[in-house]
Every structure is written in C-alpha cells, then in structure tokens.
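Working notes, structure below.
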Amino acid sequence: MASSPAVPGSALPHDHHHHVEQHKSQRSGWLRAAVLGANDGLVSTAALIVGVASSGASTTAVRTAGIAGLVAGAMSMAAGEYVSVASQRDTEEADLRMEAQALADNPRAELAELAQIWRARGLEPELAQEVARQLTANDALAAHARDELGLTELSTARPLQAATTSAAAFSLGALVPLLAYLLAPAGRSAVVIVVSLLALAGLGTLGAVLGGARRLRATTRVAIGGAAAMAVTMAIGELTGATLG
C-alpha cells in the first residue's frame, strides 16, 4: 500500500494532522465525581425509601424521608468533595511553591535533576541534558511540575467543579427512586427496587462506556451493591416496624 504523500518541508504525511486521539484519562476528574455522585444518590435514596416504607410508614412519611435524603445527600456530597479536592489543591500549590523556591536557590541542581528524569526515561545523556536545558529556558517551573511532580492541566485539582458535579449528579440519581415511588400506583417498594436496579445497570454501563472499562463488570458491581443496600434496609425497616407495632 502506498504511503500518504509528505507535506513539503516536513517528514509528516498529509493526513498526519487528522489523527486525534481521544484519551479516556481526560475525563477522569468530572467522570469520577459524576458517576460516584449519581450512584450514591440512587442507592442511598432507594435504600432509604425502601427501608422506611418497609417499616409501615405512611406515604407522606416516606416521601418526606426521600426528599430529605436527596437534599441532605447532595449537600453532603458537595461539601465532602470540596474539602477533599481543596486539600489536594493545597498540597499541589505547596509543592509548586517548594519547587519554585528550589529553582531560585539551586537552578543548576534542578537542571541536573530534570536531565536525570529524562535519562531515566531512556534518552541519551547528551540529549537528556539538551531537553532539560530547553524546557528550563522555556518554563522551568512548568517543566518540573509536569516531569517531577506529575502535575498537568488535566490533573489539576478543581474543588468547585468537583463539588457542583457531585451535588448535581447525586440529585439526579436520587430523583430516580423518589419519582418511582411517587408515581407508582401500587406496590411502590417493588417498583422502586426494579426501577433503581435498572437505573443502576444503566449507570454502570454509561460509566464503562465513558471510561473505556468493561461494561459487564461495571454494570454487575453497581447493580449488586445497590441490591444489597436495599435488601439490608428493607430488612431493618421490617424489623423496626414489627418492633414498634
């Protein structure tokens, strides 16, 4: 097969610039928060509704518990994600300040350190030294942040984004069992269980597709986890209701 003609003045073929790779890791930040938030919202609210309903509580009481669980869970997810990711950001910023100080105090030692990193990656010593020199001349702190600390634009911690994504995803997930309970004409708990399991399976599949993982494994683990949570709370609800009755 004939190769693509080269662009004049370049060793690259004409169609080289059309090749764009869509790496899954670019989605890791928001995907983690969204999938975990929706999964938590769906499972916790479904389990809460089923557990309270199994105790013999009235429809009003179950509805109130479901709404309260949605709001409280969303706020908790937002606060937890914000604190966690903000702590990660603080650590990153502290490392960058330390690296900036080291570059100011010992530029030659930092240059040698960067060259050593590139030698460890397989470059010849002379080439590694030249790469380190050029990267340092362009942006020394950015080079050390990327190659020494592993910090990139894609991996930078974003607390507000993580918090809002988690809260929104939790709320959307929690709405599924809550609406299933409110709209079901009869056998409300059974409807909540079935709808929630189907939604969990769909969520597992969606997460697998977006993250490039195996669909069956992702779908199975979230469905089994959700089923176990609802089974436990249902048993607790029935025991509590029988005791109080």
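Data for the structure
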| read-out | value |
| --- | --- |
| Selected residue [modelled with pLDDT of 90 or more, open to solvent by less than 80 Å² (accessible area, probe 1.4 Å) and more than 17 Å from the chain's Cα centre (by Cα)] from Ser54, Ser76 | Ser54 |
| Residue pairs meeting the criteria (Cβ under 6 Å; at least 6 apart or on separate chains; first farther than 13 Å from Ala74 by Cβ and among the β-branched types (Val, Ile, Thr), in the range 30-46; second modelled with pLDDT of 90 or more and open to solvent by 10 Å² or more (accessible area, probe 1.4 Å)) | Val43/Ala229 |
| The range 202-227: number of residues that are over 16 Å from the mean Cα position of the chain (by Cα) and either open to solvent by 30 Å² or more (accessible area, probe 1.4 Å) or over 30 Å from Thr64 (Cβ atoms) (or both) | 11 |
| Neighbours by Cβ (under 9 Å, 6+ apart or cross-chain): first from the range 82-109, of a type in the set (Val, Ile, Thr); second open to solvent by 70 Å² or more (accessible area, probe 1.4 Å) and part of a helix (DSSP H, G or I) | Val85/Leu160; Val85/Gln161 |
| Residues of the range 62-82 that turn out to be in contact with a helix residue (DSSP H, G or I) (Cβ under 7 Å, 6 or more places away or on another chain) and farther than 17 Å from Ala174 by Cα, as a count | 2 |
| Selection from the range 96-108 of residues that are open to solvent by 60 Å² or more (accessible area, probe 1.4 Å) and either part of a helix (DSSP H, G or I) or touching a Phe, Trp or Tyr at 6+ places or on another chain (Cβ under 6 Å) (or both) | Arg97, Met98, Gln101, Ala104, Asp105, Pro107, Arg108 |
| Given (1) in contact (Cβ under 8 Å) with a residue 40 or more places away in the chain; (2) part of a helix (DSSP H, G or I); (3) more than 24 Å from Ala201 (Cβ to Cβ), index of the condition Ala53 fails | (3) |
| Lone unmet requirement of (1) touching a residue at least 24 places away in the same chain (Cβ under 8 Å); (2) assigned to a helix (DSSP H, G or I) for Ser76 | (1) |
| Test result for Arg188, surrounded by fewer than 21 Cβ atoms within 10 Å (Cβ to Cβ) and touching a residue at least 60 places away in the same chain (Cβ under 8 Å) | yes |
| Residue within the range 119-139 that is part of a helix (DSSP H, G or I) and closer than 30 Å to Ala162 by Cα present | yes |
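The values are calculated or read from the model by the stated rules, or taken from the named source; none is laboratory data. Here the structure is a predicted model, which means the values were calculated and not measured. Glycine also receives a Cβ, built like all others from the backbone with ideal geometry; neighbour counts cover every protein chain displayed. SASA here: full protein model, heavy atoms, side chains in, ligands and nucleic acids out. Shrake-Rupley method; radii C 1.70, N 1.55, O 1.52, S 1.80 Å.
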